[in-house]
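Notes follow once the structure below has been shown.
The values are calculated or read from the model by the stated rules, or taken from the named source; none is laboratory data. Since this is a predicted model, take the numbers as computed values, not measurements. Here the Cβ is made from the backbone with ideal geometry for all residues, glycine too, and neighbour counts use every protein chain on show.
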Amino acid sequence: MYLLYNILLLIGAVVGVPFFLGKMLFTGKYRMSFRGKLGFIPTPIRDKMKGEPRIWINAVSVGEVIAASSIVRALKEIYPRACLILSTGTETGQKMAKKMVKEATAYIYCPLDFPWTVGKVLGKVKPDLFITTETELWPNLLRIAKGSGVKTMLANGRISERSYGRYLKTRFFWSKVLENLDLVSMISDTDAERIKTMGARPERVSVNGNSKYDALVGQTEPHFEIEMIG
């Protein structure tokens, strides 16, 4: 299953290389994030990663960063001495993160979901807890993190009706991916039922609203305190 996924990823990367190189050469896009996506983290950024527990929060683009800002602030209040690493997948997301989420200890780019890039970043970040947001379910990242003893969580989870239909067609795969999540926090009852149908264990799923609008601390502190860090 994962072998097929990784083969398809590799094919997609080979096909997409000319496009991305063209963008980098002629527009400058992706230049800032290219090395980070391949698993490179500059030494000055690694030197900032101090504190315990070490929590990696992944928010790919601007919308996810807005939602993650509440999560990072809540974590800072709960764990004042924590090392909070915030990753983004886009350069605009990274700019927004640095501007909006001052509580983060360090900012990195989310690696491409190849086993070797994911393993490289996990080896440098060494998180106790990995939190991914909304619909960012990266199979290799979750599998390798879980296999390395990292606690894993989906926060602010949502499954659109359109995506839900596609997920159900490949439920045999996503049910295995969701096994790697220790805690699944969804924004609504509908989203919670959808992810359960996809294969998430019901006892791991909770509904905590949308962190873009709700006060996250009072709703989710027990989960972080008991289930995640333990």
Check the range 160-171 and report whether any residue there is crowded, with 17+ Cβ neighbours inside 10 Å, assigned to a loop (DSSP other than H, G, I, E, B) and in contact with a helix residue (DSSP H, G or I) (Cβ under 9 Å, 6 or more places away or on another chain). no
Quick check on the range 71-90. Is at least one of its residues assigned to a helix (DSSP H, G or I), in contact (Cβ under 8 Å) with a residue 24 or more places away in the chain and in contact with a Lys or Arg (Cβ under 8 Å, 6 or more places away or on another chain)? no
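Give me the strands (runs of 3 or more DSSP E) completely within the range 93-159, filtered to those with at least 3 residues that are under 26 Å from Leu8 (Cα atoms) and either in contact (Cβ under 8 Å) with a residue 24 or more places away in the chain or touching a strand residue (DSSP E or B) at 6+ places or on another chain (Cβ under 6 Å) (or both), ordered by residue number. I'd like the intermediate steps shown before the answer.
Working: elements: 106-109, 129-133, 151-157.
Of the strands (runs of 3 or more DSSP E) lying wholly inside the range 93-159, those with at least 3 residues that are under 26 Å from Leu8 (Cα atoms) and either in contact (Cβ under 8 Å) with a residue 24 or more places away in the chain or touching a strand residue (DSSP E or B) at 6+ places or on another chain (Cβ under 6 Å) (or both) span 129-133, 151-157.
Report, by residue number, each residue of the range 9-18 that is surrounded by 10 or more Cβ atoms within 10 Å (Cβ to Cβ) and either closer than 13 Å to Leu112 by Cβ or at pLDDT below 85 (or both). Give the derivation first.
Of all residues in the range 9-18, those surrounded by 10 or more Cβ atoms within 10 Å (Cβ to Cβ) come to 9-13, 16-17.
Listed by number, the residues that qualify are Leu9, Leu10, Gly12, Ala13, Gly16, Val17.
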Restricting the range 23-62 to residues that are part of a helix (DSSP H, G or I) and modelled with pLDDT under 70, which is surrounded by the most Cβ atoms within 10 Å (Cβ to Cβ)? Met24
